[in-house]
Amino acid sequence: MSPASSLQRPASSCDRFGFLDDFAVREMRRGMLKALAIPGYQVPYASREMPIARGFGTGGMQLTLALAVPQDRLKVIDQGADDSVNAVNLRRFITASCPGLATTTRTAEATLIQTRHRVPERQLAPGQMMIYQVPYPDPLQIVEPSEAKRRRCHAHGDYARLWVKLYEDVVRFREVSISNRYPARVAGRYIIDPSPIPRWDLPKLHCSPVAHLFGAGREKKLYAVPPFTEVVPLAFDDIPFAVEGFRATDCSRHACATCGATDTFLDEIPQVGAPPRWLCNDQDRCAERQGYPDGA
Amino acid sequence: MGYVAVRGGEAAIAEAIRSLDALRAGATEPGADPGDPLSVDAIRHQLRLLVDRVMGEGGLYDPQLAALAIKQAHGDPLEAAFILRAHRSNLPRLGESAAHSGSQLRLIRRVSSAFKEIPGGQRLGPSTDYLQRLFRLDLLDEDPEAFRAAARSFGSEVVAQAEDFPKVVEGLRVQGLLQEVGAPQPAVDITRAPVAFPIPRPARLAHLTRGETGGVLTMAYTTMRGYGYLHPTVAELRVGYLPVRLPHPLTGEPVEAGEVLVTECEIVATHRASCSATAAASATTRSRPSPWRCATAPCSRGMSAGRAIRPRIPNSSSAMSMASRRWASAATTSCRTT
């Protein structure tokens, strides 16, 4: 067969369900089993090159593709939005390569939720699974440049330098200045980088009824928080971990300008010549609260 | 050092040139039909990103000559930029433009990853950011009619005038989150002025602008993903046509001499406290008065519009007004992670 004739397949179709070949799927699934068995441990994997650029969520995408079955219902969010270009693009690719897979924007209906930057506000339920796109899998990266040494630190449970970093923050700013990717200890052992979710979302991982799977495509690492597992943010006894307050200057709590919620993570939308507006970051939660006015 | 081991002088060189030219013409086996030569216009339009890259690395805005260099260099960008640089070497410097502001751009693309919504809105523009990298097998044997129809279907790529959009970093500046930037420094032509340390910012930017694309990307990436917490975010990426104004030779008044397509990227990143609490980095036309305080990732490059402007050569009457699409996708790819 000449090279040209081997290219004569229709361009749009994927040969196999989920794009990845069987070896890749097997590697991913084995990796995930190991990650679930050792909560918080970073499992190295080969990370295939995908038709979407690294840094755009290929780690999460590979997890989704290796896990999805036609009976699944997939939700893809980017910063809480189902319709951001990146989420749309990932969803487009996943549905094209997984024929039969249904999609949804409603958190309650989804079985697989691939996300960047957010955990849905709605309480998750058994039968669902969270998949995170991860830029930096290692919480020690901010304090130790050598990966070989970092692995040794994890093995020894030596997180001293991370604690020192937190302490230095407290000394310099009177608080821990980490706004997202807040390090947390899983099942009393490994410390993870929970991906760039805001502090607001971190408590949702604690004893959650669903599995949280993390995929870093560029850094070629997988890790997981199994269901009903302790996830404790790093904090000092006298300076407890706190989530975002969304307080105005008069200390009142900002509310979503659309649905009025005061119990959600808000986005600040800059306005020209006016004070900023505050809106729910989780679009589905905002729409749900309004009874889905657009029938979304 | 040199090829002292290779002997034969004139004959060897002549033979090297002859065999290179045979390969350029598509020599495969004796008697085979090599097909038609590539037209410089086809290179210029259909390999437009390669043309841009060669112009950037060559330090000369001349799409026609860049396309010719690419043809001559068998498509090797490094060699093509080399040819362009050698040509540029003896061009007279006719004038020096003042610092140009990115607020003059006629935009074809404008995105921000620092904010979900920005005043004026996001415009994705002609970007490969969200392309799925799957083969388009229909291009294996492209229908010429469909090809022409695709070109005709395009209206105007310019979506808006930049004046309609406030700078995203302006909002941050108003809130006091960005360090104020000093006055623009005079441009430095690094091909005319001797290197003197410490190198002034315009010269540093000029070096980066002419640097080999992969090399600059590597620098950006190692800065970003190395040790420590440095995660630059694209406050605003603008691609558009920038009118270039030169002082009139007699009156000294600025006159519009043409326009170049530039990418302007303003990046925010927290940085070492000794340097500044927050720094905005921007790399664009090297004559631009932009903040580039601490060296964060030099993510985007623009054309050198300032001093390398040259008289138009025959057959490139639109040399100044033709588009150059810079590197925008690579810039966002390297920045867009969290």
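The values are calculated or read from the model by the stated rules, or taken from the named source; none is laboratory data. All values derive from a computational prediction rather than experimental measurement. Methodologically, a virtual Cβ is constructed for each residue, glycine included, from the backbone with ideal geometry; neighbour enumeration extends over all protein chains shown. Ligands, DNA and RNA are excluded from the accessible area calculation, which covers all protein heavy atoms including side chains. Shrake-Rupley method; radii C 1.70, N 1.55, O 1.52, S 1.80 Å.
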### Task
Go through the range A:80-178 and tell me which helices (runs of 4 or more DSSP H), entirely inside it, have 1 or more residues that are free of Cβ contacts under 8 Å to residues at least 24 places away in the same chain and away from chain B (no Cβ under 14 Å).
A:147-156, A:160-173
#### Entry: Selection count where residues are buried (at least 18 other Cβ atoms within 10 Å of the Cβ) and in contact with a Phe, Trp or Tyr (Cβ under 6 Å, 6 or more places away or on another chain), scope the range A:221-255
3
### Query
Restricting the first residue to the range B:19-43 and requiring it to be within 25 Å of residue B:63 (Cβ to Cβ), which pairs with a second residue that is among the aliphatic types (A, V, I, L, M) meet a Cβ separation below 6 Å and a spacing of at least six or different chains?
B:40/B:67; B:40/B:68; B:43/B:67; B:43/B:70
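Among the residues of the range B:117-130, which ones are within 9 Å of chain A (Cβ to nearest Cβ) and either within 18 Å of residue A:55 (Cα to Cα) or touching a residue at least 40 places away in the same chain (Cβ under 8 Å) (or both)? It would help to see each step written out before you state the result.
Quick first cut of the range B:117-130, residues within 9 Å of chain A (Cβ to nearest Cβ) only: B:117-120, B:122, B:124, B:128-130.
Answer for the range B:117-130, where residues must be within 9 Å of chain A (Cβ to nearest Cβ) and either within 18 Å of residue A:55 (Cα to Cα) or touching a residue at least 40 places away in the same chain (Cβ under 8 Å) (or both): B:118, B:119, B:120, B:124, B:128, B:129, B:130.
Within the range B:178-194, how many residues are open to solvent by 90 Å² or more (accessible area, probe 1.4 Å) and either at pLDDT 85 or above or within 14 Å of another protein chain (Cβ to nearest Cβ) (or both)? Give the derivation first.
To start, the set of residues in the range B:178-194 that are open to solvent by 90 Å² or more (accessible area, probe 1.4 Å) comprises B:180, B:185-186, B:192, B:194.
So of that shortlist, the ones also either at pLDDT 85 or above or within 14 Å of another protein chain (Cβ to nearest Cβ) (or both) come out as B:192, B:194.
The total comes to 2.
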### Task
Confirm whether residue A:111 is in the same structural domain as residue A:62 (by TED's automatic domain parsing), open to solvent by less than 20 Å² (accessible area, probe 1.4 Å) and among the polar types (S, T, N, Q).
no
### Query
List the pairs whose first member sits in the range B:131-156 and is away from chain A (no Cβ under 14 Å), whose second member is outside any loop (DSSP other than H, G, I, E, B), and whose Cβ atoms are under 6 Å apart, counting only residues at least 6 apart or on separate chains?
none
### Task
Scan the range A:274-296 residue by residue and report those that are open to solvent by less than 60 Å² (accessible area, probe 1.4 Å) and not in a loop (DSSP other than H, G, I, E, B).
A:274, A:276, A:278, A:279, A:280, A:284, A:286, A:287, A:288
### Summary
For residue B:101, the lone unmet condition from (1) within 14 Å of chain A (Cβ to nearest Cβ); (2) touching a residue at least 40 places away in the same chain (Cβ under 8 Å); (3) of a type in the set (S, T, N, Q); (4) open to solvent by 30 Å² or more (accessible area, probe 1.4 Å) is (1)
### Task
Determine if the range B:214-221 includes at least one residue that is surrounded by 16 or more Cβ atoms within 10 Å (Cβ to Cβ), more than 12 Å from chain A (Cβ to nearest Cβ) and not hydrophobic (A, V, I, L, M, F, W, C).
no
### Message
Here are the criteria: (1) touching a strand residue (DSSP E or B) at 6+ places or on another chain (Cβ under 7 Å); (2) open to solvent by 10 Å² or more (accessible area, probe 1.4 Å). Tell me which single one residue A:92 does not satisfy.
### Response
(1)
### Query
In the range A:179-206, which residue that is in a loop (DSSP other than H, G, I, E, B) and open to solvent by 60 Å² or more (accessible area, probe 1.4 Å) is farthest from the other protein chains (Cβ to nearest Cβ)?
A:189
### Query
Has the range A:28-45 got at least one residue that is assigned to a loop (DSSP other than H, G, I, E, B) and charged (D, E, K, R)?
no
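Got at least one residue in the range B:205-217 being part of a loop (DSSP other than H, G, I, E, B), under 18 Å from the mean Cα position of the chain (by Cα) and either farther than 30 Å from residue B:82 by Cβ or modelled with pLDDT of 80 or more (or both)?
Kept after step one, since they are part of a loop (DSSP other than H, G, I, E, B), are these residues of the range B:205-217: B:211-212.
Then drop every residue that is not under 18 Å from the mean Cα position of the chain (by Cα), which leaves B:211-212.
If we keep only those that are either farther than 30 Å from residue B:82 by Cβ or modelled with pLDDT of 80 or more (or both) too, we end up with B:211-212.
Checked the range B:205-217: at least one residue is part of a loop (DSSP other than H, G, I, E, B), under 18 Å from the mean Cα position of the chain (by Cα) and either farther than 30 Å from residue B:82 by Cβ or modelled with pLDDT of 80 or more (or both).
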